[in-house]
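These notes concern the structure reproduced below.
The values are calculated or read from the model by the stated rules, or taken from the named source; none is laboratory data. If you're wondering where the values come from, they're calculated on a predicted model, not measured in any experiment. Note that we place each Cβ from the backbone using ideal geometry, even for glycine, and neighbour counts take in every protein chain shown. Accessible surface is based on the protein model in full, side chains and every heavy atom, while ligands, DNA and RNA are left aside. Shrake-Rupley method; radii C 1.70, N 1.55, O 1.52, S 1.80 Å.
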Amino acid sequence: GENVEQHPSTLSVQEGDSAVIKCTYSDSASNYFPWYKQELGKRPQLIIDIRSNVGEKKDQRIAVTLNKTAKHFSLHITETQPEDSAVYFCAAAQAGTALIFGKGTTLSVSS
Amino acid sequence: DAMVIQNPRYQVTQFGKPVTLSCSQTLNHNVMYWYQQKSSQAPKLLFHYYDKDFNNEADTPDNFQSRRPNTSFCFLDIRSPGLGDAAMYLCATSRDRRAEGEQYFGPGTRLTVT
């Protein structure tokens with residue numbers, strides 16, 4: 001079955017810096033890769049996703065890149081703000097299967 | 001607003017006393033999921049329904065059961081809660097099994113076992 005590895009487990013940056021979180025997946029059949037943000041005590045919320053027919057997707061300060069050959073994808077947050085502080089989860093899935101989550105990255109943005 | 005609703009938000013039960021958590025959705029989504037999330041960990045899938053088709057994860061303990069009486073509702077039954085079952089339980093939905101897509105999470109039920 002699918003296995004998703006996520007790194008780093010914790011990441012501390014200064015406000016305004018960029019943050020990058022990386023994930024690798026094992027099943028080459030996976031074709032959907034979402035990123036969820038979870039603030040303390042709240043539900044996970046989708047912030048961006050990418051499908052395997054696309055190499056990069058951007059939404060304002062957030063971007064995701066996908067390398068199908070290497071089976072890894074990354075989340076990039078530019079101009080970080082304190083409100084970006086949260087736990088970020090990557091996940092992978094293919095049609096008809098449930099999401100498999102990475103273990104999460106705790107991002108701390110200090111002002 | 002269309003959404004995923006979980007009740008109760010907080011549940012305290014005694015060791016071994018059965019408990020039921022509920023989830024409802026107004027999104028008319030075909031697929032519903034139950035996840036267990038312990039502190040500082042990723043959500044762990046327990047089971048999911050494609051319409052009425054029940055799918056149990058291989059490592060989900062027998063102590064956990066689920067029911068989906070109709071499209072809108074799904075229940076998680078814990079027959080004999082142990083201390084290790086204390087966690088946040090998240091319900092999620094997605095539109096269709098044929099196409100991968102966003103999962104919409106409910107706010108969760110935090111279960112405490114005393």
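Semi-axes of the equivalent ellipsoid for the protein assembly as shown, computed as √(5λ) from the eigenvalues of its C-alpha gyration tensor and ordered from largest down, come to 30, 21, 16 Å. Residues in chain A average 50 Å² of solvent-accessible surface per residue, probe 1.4 Å, ligands and nucleic acids excluded. A dipole drawn for region A:18-95 from +1 and -1 charges on Cβ atoms has a positive end, and of A:TYR32, A:ILE62, A:SER18 the residue lying farthest that way is A:TYR32.
Here B:LYS17 is the anchor, and the lysines within straight C-alpha reach of less than 27 Å, apart from those fewer than 8 places off in the same chain, are A:LYS42, B:LYS38, B:LYS44. Normalised by residue count, chain A yields a Cα convex hull volume of 93 Å³ per residue.
Taking a straight line from the alpha carbon of A:LYS68, these aspartates and glutamates sit under 16 Å away, with near neighbours fewer than eight places off in the same chain left out: A:GLU2, A:GLU5, A:ASP27, A:ASP49, A:GLU56. Applying 0.36 nm per residue to the separation of A:SER111 and A:LYS58 and subtracting their alpha-carbon distance, the gain on full extension is 16.6 nm. Dipole check for the protein assembly as shown: with +1 at the C-beta of Lys and Arg, -1 at the C-beta of Asp and Glu, and the Cα centre as origin, the magnitude is about 400 Debye. Per-residue mean of foreign Cβ neighbours for B:29-42 is 3 (Cβ atoms of other chains, 10 Å radius). Rolling a 1.4 Å probe across the protein heavy atoms gives chain B an accessible surface of 49 Å² per residue.
In terms of Cα atoms, the Rg and Dmax of chain B work out to 13.3, 41 Å. Using only side-chain charges placed at the Cβ, +1 for Lys and Arg and -1 for Asp and Glu, the dipole size of chain B relative to its Cα centre rounds to 260 debye. Overall, region B:21-79 carries a charge dipole of about 160 debye about its Cα centre when +1 sits on the Cβ of Lys and Arg and -1 on the Cβ of Asp and Glu, all other atoms neutral. Amide H contacts under 5 Å for A:ASP17: A:THR80, restricted to partners 5 or more places along the chain or on a different chain, H placed in the peptide plane at 1.01 Å from N. Between B:ASP59 and B:ALA86, the modelled labels are 2.2 nm apart [label points 7 Å from Cα along Cα→Cβ].
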